[in-house]
Amino acid sequence: MDRKVLIAMVMIMMVLLLDQVISPKFYRPRRKPVPSQPGGTAGQPATTAPSPQGSPQTPASGGSQAGAPAGSSSSGAPGGATSAVLSTGAVLTSARVSPEPIETREVKTEHFRAEFTSEGGAISHWTLDSYKDQIRSAPVDLVPPGARALLVIVEAGARAINFSNVPFRITQDDPLGGALTFEAVDSSGIRVVKSYQVGRDRRLLESDVRVSAPPGLGPIRYRIGWGTPLPITEAATKREQLQAVALLGTKLESLPAGKLGPNGERIVPPGNVRWVASRSKYFIAAVIPDSGTVSDVVFRSTGSGLVTAWFVGAAPPGTEVVRRTRIYAGPIHYETLAAVGAGLDEVANLGWKWMRGVSVLMLTCLNLLHKMIPNYGIAIIILAAATKFLFYPLTQASLRSMKVMHHLQPQIKELQEKYKGDPMKLNQAMMALYKENKVNPMSGCLPMLLQVPVFIALYNVLLFSVELRASGFVGYIRDLSAPDVLATIGGFPIHLMPVVMTGSTYLLQSQTPVAPAQKGMMYVMPLFMLFFMYTFPSGVILYWTVNNLLSALQQYLVNLAEDRKLAAQG
C-alpha cells in the first residue's frame, strides 16, 4: 500500500475513534460552569400581574415532611433531589396542601398519548405508539415507571417548595378537547397552577405554569423542567447516553453528575435559554420557554448518576408569574426538530458544526432513497455506490498513480543510488521520471482526504439516526441501528457482518500495490478494524463493506489496465 494512503487510512480511523469519545458531548465546546450565588437573580418572567389575594390557606395534611421530596430515588423519580439544600441556599421541602383524590386523565393526538396525574399535576406517561420499546416489548413511554414529568419547584425567601409529589386539584377537565388544569396551594400561600393544551402543531403540548406567593414572602424564584431522565428503550443504548441538555443561545450545554456541586446541583453561566431537555440516544423530551426572557439553567442530580435540566425564572414580590412553554417529547428526527424550531435540531448528532451541512445532505439523500425503496439497507448500499461514483474521477487518478509508483520503485531506487550524495539532482531526476510517466506523487493522499468529510458525515448519520432504529435489512438483520447477532455462544454474541467487512478489507488490501516492507500492515489493519468496529451498528458496517468491495473492484480494474499497458511497452 502507498505510504501516503496508509497514513490517510490511519488518520480516518483516529478521527472515528476521537468521534466516538466526544460524541456524547454533542460536538460542542463546553463553557466552564460556575455556581450561582445565593439569592442571585434570574431571567424576568414572561408575564407578571398582581397576585390574587384570598383567604388564608388551611394547613394541609397532604405532602411529605421536609427534606428530599418523595419519589426521589436512584431511578430518577420526580424532583430528582439528592439534598435538602439547593444551590441558591434555599432549604427544599415538600409542599403542604389540602388532601385531594389522585386522578388521571389522558390526552391523545396522532403523535403521542399523554397521561396526566393530579399527583404533582404532572405527566405520568408519554407514549409513542409508532415506536416500540425493544426492552419491554411495548410502545415507547418517555416517562420511566413510577416517575412523573414537567415538574415545578418554587423558592420564596429561604425556602424552596417542591410541588412534584403533592396532590393537585383539577380545575379544568376537558381531556377530549386536549385541555386540563391543575392547581395546588401550599400552607404558606404559594400557589401553583399548571394548564395543558394540545398545540396547533399536534406534535407539541402547550403548558402554562402560574406561580404566585404572598408579598411578605419576598421575590419568587421558580424552576420548571421535564424533571426525570428518559428510560433506556434499546439494548444497545448505553446509560451514559441518558443526558440532561440545554440550549443557551447557540451553545449546547450538558453536565455529567460528576461535575455538579457538592449538593448535587450546578447553575451554568447565564444565557438566552431556548430549551431544557432530557435525552437518550434516539429520543428527547424538551421544555421550550415562550420567549428569550429566561437566562438561567440548573442541572440537578437524580442520585443515581443521572442528571436533569431545569430553567429558572424570577419575579418581584406580590406578582404572579405566567410562564408559557411548549413541550416536545418524541424521536430525535432531524426534519421534525427543525420544523419545531427553537434550535431543537441542534441536539441531533450530526457531527462537528462545520460538517453538519454535509451530514444533513447525506441524511436527506438516505431518506429520499428510502421513500423510493422502503428498505434502509438497500438505501445504504445505493448511497455508498453513489458516493463512490461521485469521487470516481479523483480516486481513479489516485489509484493509477499508486499503481504506476509501484512499478517505478526499481527505477527510483536506481536514482537514489546514483545521486546518493546530491539531493538536488536526485529531486530533479525523480521529478523528470514522474513527468515522463504522467504521475503525481501527491495524488495518492489528497483524494482520500477530500472524502473524509463525506465519510464521517455518513458515519454519524448511520450511527445516530432514529430512522434506522428497528429498521431491518435481510434475514436475521432486523435492526440496522444495532449490531447484528447471528448467534450467542457462552454469552458472547457472534456478529457476522464485521467478519464479512474484515474479509472485504483483506480483498481490498490484496488489490492494493504494497511495498514489501509494508506487507505486515496488510494483515494488521483489517484485524484492527475488526476489533474496533465489532460492536458497531450493522448499518455502519454495511456501508463500510460495500465501500470496500467497490474500492477493490476499482483497484482491480486499474491494476489490470496498467499491467496491460506495461506489458505492451515491454
- request: Could you tell me whether the stretch 235-243 includes any residue that is surrounded by fewer than 21 Cβ atoms within 10 Å (Cβ to Cβ), more than 20 Å from LEU150 (Cα to Cα) and touching a strand residue (DSSP E or B) at 6+ places or on another chain (Cβ under 6 Å)?
  value: no
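When residues of the stretch 251-281 are filtered for being assigned to a loop (DSSP other than H, G, I, E, B) and either under 15 Å from THR308 (Cβ atoms) or at pLDDT 95 or above (or both), how many remain? Reasoning before the result, please.
Taking the stretch 251-281 and keeping what is assigned to a loop (DSSP other than H, G, I, E, B), we get 255-256, 260-264, 268-272, 280-281.
Okay, now just the ones that are also either under 15 Å from THR308 (Cβ atoms) or at pLDDT 95 or above (or both), so 255-256, 260-261, 263-264, 268, 280.
Going through the stretch 251-281 one residue at a time, the tally reaches 8.
Among the candidates VAL287, VAL312, VAL294, single out the residue that is under 17 Å from LEU248 (Cα atoms), touching a residue at least 40 places away in the same chain (Cβ under 8 Å), in the same structural domain as GLY258 (by the TED database) and outside any strand (DSSP E or B).
Within the list VAL287, VAL312, VAL294, the selection yields VAL294.
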message: Any residue at all in the stretch 470-488 that's farther than 25 Å from THR387 by Cβ, free of Cβ contacts under 8 Å to residues at least 60 places away in the same chain, of a type in the set (Ser, Thr, Tyr) and in a strand (DSSP E or B)?
response: yes
- prompt: Which numbered condition trips up THR181, out of (1) free of Cβ contacts under 8 Å to residues at least 40 places away in the same chain; (2) under 28 Å from the mean Cα position of the chain (by Cα)?
  reply: (2)
message: Anything in the stretch 213-241 that is under 30 Å from GLY341 (Cα atoms) and more than 23 Å from the chain's Cα centre (by Cα)? List them, or say none.
response: ILE220, ARG221, TYR222, ARG223
- prompt: All but one of (1) surrounded by fewer than 18 Cβ atoms within 10 Å (Cβ to Cβ); (2) under 51 Å from the mean Cα position of the chain (by Cα); (3) of a type in the set (A, V, I, L, M, F, W, C) hold for ILE380; which doesn't?
  reply: (1)
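Could we say that MET448 is in a helix (DSSP H, G or I), crowded, with 17+ Cβ neighbours inside 10 Å and either at pLDDT below 90 or not assigned by the TED database to the domain that holds ALA397 (or both) here?
Against the criterion (in a helix (DSSP H, G or I), crowded, with 17+ Cβ neighbours inside 10 Å and either at pLDDT below 90 or not assigned by the TED database to the domain that holds ALA397 (or both)), MET448 qualifies.
Would it be correct to say that LYS425 is out of contact with any Asp or Glu (no Cβ under 9 Å at 6 or more places or on another chain) and outside any helix (DSSP H, G or I)? Walk me through how you get there before you give the answer.
Details: out of contact with any Asp or Glu (no Cβ under 9 Å at 6 or more places or on another chain): yes; outside any helix (DSSP H, G or I): no.
Against the criterion (out of contact with any Asp or Glu (no Cβ under 9 Å at 6 or more places or on another chain) and outside any helix (DSSP H, G or I)), LYS425 does not qualify.
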query: Among the numbered criteria (1) surrounded by fewer than 22 Cβ atoms within 10 Å (Cβ to Cβ); (2) touching a Lys or Arg at 6+ places or on another chain (Cβ under 8 Å); (3) farther than 24 Å from PRO331 by Cβ, which single criterion is violated by ILE232?
result: (3)
query: Can you name every residue in the stretch 246-283 that is under 13 Å from GLY225 (Cα atoms) and either of a type in the set (Val, Ile, Thr) or free of Cβ contacts under 8 Å to residues at least 40 places away in the same chain (or both)?
result: VAL273, VAL276
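The values are calculated or read from the model by the stated rules, or taken from the named source; none is laboratory data. On a predicted model such as this, the values are computed, not experimentally measured, just so you know. Cβ atoms come from the backbone with ideal geometry, glycine included; neighbour counts cover every protein chain shown.
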